[in-house]
Amino acid sequence: MSAVRIARAASPGEVRAVAFDAGGRPISTFIERWGGHGQPPSAGETVTGRLRQVSPSDGGAFFELESGTEVFVRGEVSGGLTQGAQANLVIVAEQRGGKLARARITAGPALEMSAFERWQSSLPGEGGSPVEEGRDATDDVGRVFDDVLSPMAGLSGGGKIQITPTPALVAVDIDSAGRLSKGSAGARALAINREAVAEAARQIAVRRLGGLIAIDCVAPINREAGEKLRAGFVASFSRCSDRAVDALRPSRFGLLEAKIEWRRTPLSELMLDESGEPSAETRLLALFREVEREAGADRTAFFSVILSKALMDVYKARKRMCDALLSDAFSGRVSVSQEISTTNKVARI
């Protein structure tokens, strides 16, 4: 499975994109906020860091970047580096869940690629997928990002899966409710399990999840069926991503365990708060997309963005950048009200 189409949506403060396969299903997502300014280093980025501490007990060394961000390099530090020495590092896994970003030392120069180009180069297939922009592409991107923030995903043959990331693993539950199928119990179980593990693999890729995966399969499962499920999960994920993946046949308790290499910060961690609701930053950027639609529909009108305290705090933290982005995008027709409201909205002036 190769990425045959990329939909890209750029709005003030944020660029989002989705890669789709030949069947129109999303297989990978991209997001960059604030042009990368003030953001943690991203996968594939070459950065400069100074060796802060070698920690044999942790199995590696800690480096401090010019931004003050700390990253971890696994394994023995070679090249005679001593504390305070400078080295070029390539980010191999972004920070997530309180864990530091991981990097490797490189002797080569930095690649002159944007974060979006690095993401494109990581997509399965030979590359060169056309990038579409405009209203239809923006709608497609918005739909996919809304879908992947939901814990539920439907199965085409009926039923659904629930995907629950935890600090230790990603749990996937298969629900056969509403599914109509014929045949023996084993045949029915194999049919829904095969579809569910393939969909789980795609959802994990799109949601940018990794680590230990545990899928609670529907019983009964014999040895032959278990091998089909294991191979199906690996094949489905490999068609969506170039990240390393391995899986075991379901255990006698029906759990299919898999291990997937981490690379990017999960979308849910980037976009949701601790309660599972869209974060203040996510809502502010969504409001900027709303004013973009309003201003695009009437190119002579002036608008005011009215914010609650939570969103005002995010805006003030990046006031200069936000004002510049809005000015560049709307030629002075959009401003942010300095009065704090109980609601967030776009008002025509």
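The values are calculated or read from the model by the stated rules, or taken from the named source; none is laboratory data. Everything quoted here is computed from the prediction, not taken from an experiment. For neighbour counting, all protein chains shown are included, and Cβ atoms are generated from backbone atoms with ideal geometry for every residue, glycine included.
Of all residues in the range 325-338 being modelled with pLDDT of 95 or more and part of a strand (DSSP E or B), which is nearest to SER11 (Cα to Cα)? Checked the range 325-338; the qualifying residue nearest to SER11 (Cα to Cα) is VAL334.
Taking the conditions exactly as written (more than 25 Å from SER11 (Cα to Cα), touching a strand residue (DSSP E or B) at 6+ places or on another chain (Cβ under 6 Å) and not assigned by TED's automatic domain parsing to the domain that holds THR69), does GLY158 satisfy them or not?
Numbers: more than 25 Å from SER11 (Cα to Cα): yes; touching a strand residue (DSSP E or B) at 6+ places or on another chain (Cβ under 6 Å): no; not assigned by TED's automatic domain parsing to the domain that holds THR69: yes.
It is false that GLY158 is more than 25 Å from SER11 (Cα to Cα), touching a strand residue (DSSP E or B) at 6+ places or on another chain (Cβ under 6 Å) and not assigned by TED's automatic domain parsing to the domain that holds THR69.
When the range 117-126 is limited to residues that are surrounded by 13 or more Cβ atoms within 10 Å (Cβ to Cβ) and under 20 Å from ASP21 (Cβ atoms), the one that is modelled with the lowest pLDDT turns out to be GLY125.
Could you say whether any residue in the range 258-279 is in contact (Cβ under 8 Å) with a residue 40 or more places away in the chain and in contact with a Cys (Cβ under 9 Å, 6 or more places away or on another chain)? No, the conditions are met nowhere in the range 258-279.
Looking only at the range 281-318, residues that are closer than 15 Å to GLU339 by Cβ and among the polar types (S, T, N, Q) come to 2 in all.
No other residue among PHE237, PHE253 is of a type in the set (Phe, Trp, Tyr) and under 19 Å from the mean Cα position of the chain (by Cα) apart from PHE237.
Answer yes if at least one residue in the range 178-191 is under 24 Å from the mean Cα position of the chain (by Cα), surrounded by fewer than 22 Cβ atoms within 10 Å (Cβ to Cβ) and outside any loop (DSSP other than H, G, I, E, B), and no otherwise. So far as the range 178-191 goes, no, none of its residues is under 24 Å from the mean Cα position of the chain (by Cα), surrounded by fewer than 22 Cβ atoms within 10 Å (Cβ to Cβ) and outside any loop (DSSP other than H, G, I, E, B).
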